[in-house]
Amino acid sequence: MPTISQLPSTDTISASDLIPISQDGSAHSVSVGALLAQTQPAIIVGPPSLLGRISIGPGGPDTIAVGDGLTLNNGTLSASGFNKTDWPLQTSLAPDDQILVNNAGAPQLVGLNQIRQLFTAGSNITIDPIGVISTSDLNGAVPYSLATLSPVSTLASEDLIGVSQNGRDYAVTYANLLGGLTIDLAPTADPASDSDAFWVAQASNIMLRQTLGATWPWILAKLPLWKRRVIELSANTTLEEAAHHNTVLVCSSPIRISAVAANMVSGFYCELINASSGPITFDSSILASTGSNGLLPYQCGAIHCITYSGGTTMFLSISAGSSVIIAPGQPFNLTVSSVSSASVTLSWSAPISGGPASIYTVQYRIIGTIPWLSAGQTSGATNLIINGLQAATSYDLSVSAMNNIGTGPTSSTLTATTFAIGLLPGAPSALSVTNIGANSVTCSWIAPVVGGTGILYRVQYKVVGQTVWNSAASNLSPTTVSITGLIPVTSYDIQVIASNDSGSGPPSAPVTTTTAQAAGLIISISWNWIDPQVGSIGGNVHVNPATAQVQFGVSQSAVTPPTVWVAGNRINTDLWGAYVTPASAGSWYLWAEGTDGSTPTVYATPFIIT
């Protein structure tokens, strides 16, 4: 009997094909169709799907679909969550609608009417059953009003104030509210009148109303107390509006005043006082009322800048009362302070008669000759170096003074002889000051390295800030000397010049020293009252101790005390006073000191005597 493997194979199968089966112990044949008619046919479904029985009665398995929120992956059924984009859109809400909420990790449905119960209406607010929020009447009866709020009596910078901006309500602090106020927010006012009012605060920060008319008495009371600034000019100056407008300019040196009219503003004004010994000159842009180009000593004037149809002009108005009306007197006290083989230095004193001098002319000639030669002119200075002289020659020297009226008489003639040509000495060195007292100091120095034998020394001193040197001693052989006649508590420059038969060498390096306080009767002086009158100045001072004698004087310097004093009169207790008459018109300072020279004190503001 053949085996299965020995049987031939078939390529196709049909329902009529027969296969052997055993039935009740006997071999039978059955067709393939009959055999398979009793079996479940093949179920073909696509993933993801489940098979189950959902229909009624016997039958094969049904396909069960996987719904929203579930996934079937490799036979595992899982929850995947909701995809809200797949949900239908609800276009309106009703109180009985429900929403999904998460309650301790579990999803639950909540009605919209339950959400409404979470909200409670506050003061002046109502919520109706369908959720409409509205304002309500205050206390259910009276409409809302600021007048019903509790008032406050003060405001702090951080307090809030309600404002509406672009249709929305905001709060702003009181400080920012005031800081935001600007003048351009106010409407334009009519022309000013006495009844116009403005805000003021008087003795507190409470704002009060004040009228323009009420301010005039206050302004009138202040005007007599207003003073122009006083500015001292000692160097050439160009006028500027910011620095010089509405000021009094006191020229303490012969200087030149300039101005650029195009840079000035119409209405500029200043007063000028020439307190120097020479003329004050002006550039061509400043037109003078007298036609001159300057102010003579002790003249005063005013400069105006005006703009009109002819342009902008700087105009100098010179006071007629201060103009010089006579020529100066005769210079005196001619002195030769330095001699060399080719030059001499001539000094002199200003005239004490006639009008003030503005220019000095110096002349010289060899003794025995007739024509005088001009050595030069100075603009108020009382010294001049005459150069170009012959060695070992004697000369006549003279000086004359002039002003805008004319030339005064020539001084007396002084004779000086130049040195023979030779080696000039060098400058003394190591100048030192010792034994500093109230009225004197002692000077010492080392002789110059060059200059040979027969060297003589000349010692000079001056108050710091001044230009003219005073002679303390001359023709000295020793290298030490005491300088006397000094002013207490005053700073001095000191220098030494060596000379021989050939002339004078260069001066030593100057040293500066300050004299001591005078150990006098007066401890302190304070000004109580001053009174400039026509031709004189009066004043009185409080003195400590009260019975110490006082003297008064005037000087044209706030640094150098007077040389002439007037004894003071005791008025009462510690009060002393006197009237002093200056020697000439001009700007003067009033001084007071003890009769022993102690505690010299100056009144800081100068006075003009006409």
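The values are calculated or read from the model by the stated rules, or taken from the named source; none is laboratory data. These numbers were taken from a predicted model, which means no experiment stands behind them. So basically every Cβ, Gly included, is an ideal-geometry build from the backbone, and we count neighbours across all protein chains shown.
Here are the numbers for the structure shown:
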| read-out | value |
| --- | --- |
| Residues (surrounded by fewer than 17 Cβ atoms within 10 Å (Cβ to Cβ) and either in contact (Cβ under 8 Å) with a residue 40 or more places away in the chain or farther than 13 Å from ALA546 by Cα (or both)) located in the range 564-602 | VAL564, VAL566, ALA567, TYR579, THR581, ALA583, SER584, THR595, ASP596 |
| Where a residue in the range 109-132 is assigned to a loop (DSSP other than H, G, I, E, B) and its partner, wherever it lies, is of a type in the set (A, V, I, L, M, F, W, C), with Cβ under 7 Å and at least six apart | PHE119/ILE127; ALA121/ILE127; ASN124/LEU138 |
| Residue in the range 411-432 that is part of a strand (DSSP E or B), buried (at least 16 other Cβ atoms within 10 Å of the Cβ) and aromatic (Phe, Trp, Tyr) present | no |
| Count of the range 217-236 residues which are farther than 30 Å from SER258 by Cβ and either under 32 Å from the mean Cα position of the chain (by Cα) or at pLDDT below 85 (or both) | 8 |
| Candidate set from the range 356-380 (those that are within 46 Å of the chain's Cα centre (by Cα) and either part of a loop (DSSP other than H, G, I, E, B) or at positive phi (or both)); member that is surrounded by the fewest Cβ atoms within 10 Å (Cβ to Cβ) | SER379 |
| In the range 394-411, the residues that are over 21 Å from ILE326 (Cα atoms) and touching a Leu at 6+ places or on another chain (Cβ under 7 Å) | TYR395, LEU397 |
| Hits in the range 515-570 (condition: aliphatic (A, V, I, L, M), over 13 Å from GLY594 (Cβ atoms) and at pLDDT 85 or above) | ILE537, VAL554, ALA558, VAL559, VAL564, VAL566 |
| Per-region count, the range 203-230, residues more than 27 Å from ALA189 (Cβ to Cβ), among the charged types (D, E, K, R) and either touching a Pro at 6+ places or on another chain (Cβ under 6 Å) or without any contact (Cβ under 8 Å) to a residue 12 or more places away in the chain (or both) | 1 |
| Qualifying residue in the range 368-381 (condition: more than 19 Å from LEU295 (Cα to Cα) and among the hydroxyl-bearing types (Ser, Thr, Tyr)) | yes |
| Verdict on SER526 being surrounded by 14 or more Cβ atoms within 10 Å (Cβ to Cβ) and within 25 Å of GLY437 (Cα to Cα) | no |
| Test: residue in the range 337-354 that is among the hydrophobic types (A, V, I, L, M, F, W, C), touching a Ser or Thr at 6+ places or on another chain (Cβ under 7 Å), farther than 30 Å from VAL459 by Cβ and not assigned by TED's automatic domain parsing to the domain that holds ALA498 | no |
| Residue that is surrounded by the most Cβ atoms within 10 Å (Cβ to Cβ), among those in the range 381-396 that are farther than 30 Å from THR281 by Cα and of a type in the set (A, V, I, L, M, F, W, C) | LEU389 |
| Breaking point among (1) in contact with a strand residue (DSSP E or B) (Cβ under 7 Å, 6 or more places away or on another chain); (2) assigned by TED's automatic domain parsing to the domain that holds ALA350, for ASN404 | (1) |
| Residue match in the range 263-277 (condition: touching a Leu at 6+ places or on another chain (Cβ under 6 Å), surrounded by 17 or more Cβ atoms within 10 Å (Cβ to Cβ) and at pLDDT below 85) | no |
| Given (1) in contact with a helix residue (DSSP H, G or I) (Cβ under 8 Å, 6 or more places away or on another chain); (2) at pLDDT below 85, number of the condition SER358 does not satisfy | (1) |
| Residue ID - nearest to GLN556 (Cα to Cα), chosen from residues in the range 261-302 that are assigned to a loop (DSSP other than H, G, I, E, B) and free of Cβ contacts under 8 Å to residues at least 24 places away in the same chain | ASN293 |
| Which listed residue is touching a residue at least 24 places away in the same chain (Cβ under 8 Å) and more than 48 Å from the chain's Cα centre (by Cα), from ASN387, ASN383 | ASN387 |
| Positions within the range 485-513 being among the β-branched types (Val, Ile, Thr) and modelled with pLDDT of 90 or more, in sequence order | ILE494, VAL496, ILE497, VAL511, THR512, THR513 |
| Residues of the range 433-456 satisfying the condition of being of a type in the set (A, V, I, L, M), assigned to a loop (DSSP other than H, G, I, E, B) and in contact (Cβ under 8 Å) with a residue 60 or more places away in the chain | ILE436, ALA438 |
| The range 88-99 residues that are in a loop (DSSP other than H, G, I, E, B), paired with ones that are surrounded by 10 or more Cβ atoms within 10 Å (Cβ to Cβ) and at pLDDT 80 or above (beta carbon under 9 Å, 6 or more apart) | GLN90/ASP97; PRO95/GLY111; ASP96/GLY111; ASP97/GLY111 |
| Any hit, the range 219-233, residues being touching a Phe, Trp or Tyr at 6+ places or on another chain (Cβ under 7 Å) and surrounded by fewer than 19 Cβ atoms within 10 Å (Cβ to Cβ) | no |
| Test: residue in the range 222-236 that is assigned to a loop (DSSP other than H, G, I, E, B), on the phi < 0 side of the Ramachandran plot and polar (S, T, N, Q) | yes |
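Let's see how each residue does on (1) buried (at least 18 other Cβ atoms within 10 Å of the Cβ); (2) outside the structural domain of VAL362 (by TED's automatic domain parsing); (3) out of contact with any Ser or Thr (no Cβ under 8 Å at 6 or more places or on another chain); (4) not small (Gly, Ala, Ser):
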| position | (1), (2), (3), (4) |
| --- | --- |
| GLY408 | yes, no, no, no |
| THR434 | no, yes, no, yes |
| CYS443 | yes, yes, no, yes |
| VAL468 | no, yes, no, yes |
| SER471 | no, yes, no, no |
| GLY485 | no, yes, no, no |
| PRO488 | yes, yes, no, yes |
| SER491 | no, yes, no, no |
| GLY505 | yes, yes, no, no |
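Condition check ((1) surrounded by fewer than 19 Cβ atoms within 10 Å (Cβ to Cβ); (2) at pLDDT 90 or above; (3) of a type in the set (D, E, K, R); (4) touching a strand residue (DSSP E or B) at 6+ places or on another chain (Cβ under 8 Å)) across all residues:
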position: TYR308; (1), (2), (3), (4): yes, no, no, no
position: LEU316; (1), (2), (3), (4): no, no, no, yes
position: GLY321; (1), (2), (3), (4): yes, no, no, no
position: VAL324; (1), (2), (3), (4): no, no, no, no
position: PRO331; (1), (2), (3), (4): no, yes, no, yes
position: VAL336; (1), (2), (3), (4): yes, yes, no, yes
position: SER340; (1), (2), (3), (4): no, no, no, yes
position: SER343; (1), (2), (3), (4): yes, no, no, yes
position: SER349; (1), (2), (3), (4): yes, yes, no, yes
